[in-house]
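Peer 1: Below: one structure in structure tokens.
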Amino acid sequence: RRRTTPRHKQRASATMLRAVSASAAAGRRGLSAWSPAVQRLVGNAADGAGDFAGLLSIESHDTSRATSPSSGPSASAVLLVGPSHAIAVAPASPVGMSRRMYCASAPRSDDAKGGGDGAAAPADPTKEVKQNAGAGLANPERGIYSVNSDLTEEEIEALLDSELAAMEEAAKAKEYSDWKPGQRKRPLQMSYRLSDFEAEFSGQQTWTLRDKRCGALGIKVGMMPVWDRWGERHPCTVLYLDSNVVVRNKTSDGPDGYDAVVVGAGERKAKNVNRATLAAFDQFNVGEKPPYVVREFRVTTTDAMPEPGSRIHAGHFVAGQNVDISGISKGKGFQGAMKRHGFGGMPATHGTSKSHRALGSTGQCQDPGKVFKGKKMAGRMGTDRVTVQNLRVVKIDRGRNLLFVKGAIPGNKGSFVEIRDAVKKPLWGTAHIDGGEERTFPPLPTGEYEEGIDGSGEAGHEIMMPLASVDPFAPSEEEAA
């Protein structure tokens with residue numbers, strides 16, 4: 001059975017040939033004075049008739065030759081790239097040629113590989129060039145062939161290496177070395193806000209959605225309502241930041257290989273901590289008051305790394321910002337499929353007997369003859385790590401280290417939860433946070449500590465989120481009319 005080249009490979013080869021057509025045309029201009037073998041070799045590569053995938057014309061300008069009017073054109077090199085070989089042709093004279101083979105095996109067509117109809121492999125397009133070279137091989141072991149050329153092997157190597165180095169430098173110049181995910185790569189061209197252009201020309205850095213800083217650990221106290229000055233009620237969960245201390249910092253340059261901040265919270269008796277853990281705490285100078293829980297927060301910049309031993313208070317967050325809170329959900333025990341997965345259950349009447357809350361079918365017949373893994377069935381419910389996103393910080397109590405977060409969070413009362421800046425809608429640089437649009441960055445590495453305020457245990461140091469300028473309960477113009 002005859003095998004043909006797949007359509008997608010033909011299209012890919014045609015696309016590559018079209019992409020290098022300009023370079024092929026540039027290389028074809030100087031082929032008139034070359035040997036017939038080289039003309040056919042380069043012409044097949046340019047036209048796509050041969051087994052070569054592309055042609056690249058490179059010109060090397062020699063300043064020493066350019067000073068003399070009779071020196072002639074500058075030296076040029078043509079690089080032929082094939083599926084299994086690459087040939088470099090660098091003429092120093094009208095009929096001179098140098099060639100380097102990276103792979104001496106000639107490419108085979110799909111018909112020859114299949115062997116269905118016994119078709120012979122196509123002729124090697126470089127066979128005539130090899131025959132013309134004859135005994136002119138300067139160094140066959142190195143794979144460099146030179147025919148009627150005054151270029152030495154060292155000059156050929158230097159020419160090819162210099163051109164390849166120039167190509168690598170040009171490719172590296174197109175890269176964005178200082179770019180970070182979430183930032184703009186190219187200069188700003190159009191925007192609806194003048195402030196965007198001002199920030200662009202001033203070189204002001206922005207806090208993107210990909211940037212991360214250190215979080216905090218809080219204890220879930222419970223829920224309570226909070227009323228603002230408009231009289232609007234906000235159901236809030238109260239979180240207590242209990243003795244948050246930075247245990248250590250991990251850097252990508254160190255043995256850990258990534259940037260992170262290790263934070264400990266709470267306190268436990270030293271006699272209840274095993275010796276190995278206590279020795280690790282002593283290494284980081286927190287052995288006198290061992291933390292109850294230790295968690296790690298990934299960061300994207302060293303500016304977001306507080307010094308080890310520093311405290312994290314409620315001022316680490318900004319009133320009005322959004323946070324993501326992670327915790328262990330409440331345990332419900334062994335529950336049925338209706339409560340655990342929200343199944344609809346079986347019919348209540350029409351002959352259903354004692355199967356009203358059954359989950360229904362769990363599989364098929366003899367094929368496959370089993371219940372697939374992951375089937376939603378009855379089982380233990382709860383005690384899973386759950387993350388609730390975009391919860392707004394309604395109020396901050398810096399004196400008592402309390403956060404009033406709008407909405408419910410996972411976990412029992414008294415359990416620790418992880419508090420991070422929201423990754424989707426942090427609201428930096430908007431009018432919804434304390435500080436307004438001018439605050440484009442969160443407090444780095446943490447909020448400023450003020451003696452007698454942060455962690456003092458006294459009330460009266462509360463910061464409320466910015467409120468709307470219009471009364472939310474005021475009737476609209478249509479309703480008033």
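Peer 1: Collect the residues in the stretch 413-434 that are charged (D, E, K, R), more than 14 Å from M465 (Cα to Cα) and out of contact with any Asp or Glu (no Cβ under 9 Å at 6 or more places or on another chain), keeping them in residue-number order.
Peer 2: Passing the criteria: K413, K425.
Peer 1: Which of the residues spanning the stretch 185-203 are closer than 25 Å to E175 by Cβ, in a loop (DSSP other than H, G, I, E, B) and not polar (S, T, N, Q)?
Peer 2: Those that are closer than 25 Å to E175 by Cβ, in a loop (DSSP other than H, G, I, E, B) and not polar (S, T, N, Q): K185, R186, P187, L188, M190, G203.
A quick yes/no check of all residues on (1) farther than 30 Å from G452 by Cβ; (2) in contact (Cβ under 8 Å) with a residue 12 or more places away in the chain; (3) of a type in the set (S, T, Y):
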residue: V323; (1), (2), (3): no, yes, no
residue: M338; (1), (2), (3): yes, yes, no
residue: F343; (1), (2), (3): yes, yes, no
residue: L359; (1), (2), (3): yes, yes, no
residue: V371; (1), (2), (3): yes, no, no
residue: R385; (1), (2), (3): yes, yes, no
residue: N401; (1), (2), (3): no, yes, no
residue: F416; (1), (2), (3): no, yes, no
residue: V423; (1), (2), (3): yes, yes, no
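Peer 1: Give the residues of the stretch 431-449 that are over 11 Å from V318 (Cβ atoms) and either touching a helix residue (DSSP H, G or I) at 6+ places or on another chain (Cβ under 8 Å) or open to solvent by 80 Å² or more (accessible area, probe 1.4 Å) (or both), sorted by residue number.
Peer 2: If the condition is that a residue be over 11 Å from V318 (Cβ atoms) and either touching a helix residue (DSSP H, G or I) at 6+ places or on another chain (Cβ under 8 Å) or open to solvent by 80 Å² or more (accessible area, probe 1.4 Å) (or both), then A431, E437, E438, L444, P445, T446, E448, Y449 are the ones that fit.
Peer 1: Do you know which residues across the stretch 380-422 are part of a strand (DSSP E or B) and among the acidic types (D, E)?
Peer 2: Matches in the stretch 380-422: D397, E418, D421.
Peer 1: Also, I was wondering about something else. Sort through P308, P291 and tell me the only one that's in a loop (DSSP other than H, G, I, E, B) and touching a Ser or Thr at 6+ places or on another chain (Cβ under 9 Å).
Peer 2: Only one candidate qualifies: P291.
Peer 1: Might you let me know whether the stretch 257-267 holds any residue that is touching a Lys or Arg at 6+ places or on another chain (Cβ under 9 Å), open to solvent by less than 30 Å² (accessible area, probe 1.4 Å), of a type in the set (F, W, Y) and under 30 Å from L209 (Cα atoms)?
Peer 2: Scanning the stretch 257-267, I find no residue that is touching a Lys or Arg at 6+ places or on another chain (Cβ under 9 Å), open to solvent by less than 30 Å² (accessible area, probe 1.4 Å), of a type in the set (F, W, Y) and under 30 Å from L209 (Cα atoms), so the answer is no.
Peer 1: Kindly provide the set of residues from the stretch 204-251 that are of a type in the set (A, V, I, L, M) and either open to solvent by 10 Å² or more (accessible area, probe 1.4 Å) or out of contact with any Leu (no Cβ under 9 Å at 6 or more places or on another chain) (or both), ordered by number.
Peer 2: Matches in the stretch 204-251: L209, I219, V221, M223, M224, V226, V238, V245, V246, V247.
Listed here are the residues, each with its yes/no results for (1) touching a strand residue (DSSP E or B) at 6+ places or on another chain (Cβ under 9 Å); (2) open to solvent by 40 Å² or more (accessible area, probe 1.4 Å); (3) β-branched (V, I, T); (4) modelled with pLDDT under 90.
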position	(1), (2), (3), (4)
M377	no, yes, no, no
V417	yes, no, yes, no
D421	yes, no, no, no
K425	yes, yes, no, no
E458	no, yes, no, no
M464	yes, yes, no, no
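Peer 1: While we're here: Restricting to the stretch 330-365, name every residue that is closer than 30 Å to G411 by Cα, of a type in the set (A, V, I, L, M, F, W, C) and either part of a loop (DSSP other than H, G, I, E, B) or touching a Phe, Trp or Tyr at 6+ places or on another chain (Cβ under 6 Å) (or both).
Peer 2: Correct list: A337, F343, A358, L359.
The values are calculated or read from the model by the stated rules, or taken from the named source; none is laboratory data. Keep in mind that what you see is a predicted model, and the values were worked out from it rather than measured. FYI the Cβ positions are ideal-geometry reconstructions off the backbone, even for glycines, and counts take in every protein chain you see. Just so you know, the surface numbers come from the protein's heavy atoms only, side chains and all, with ligands and any DNA or RNA stripped out. Shrake-Rupley method; radii C 1.70, N 1.55, O 1.52, S 1.80 Å.
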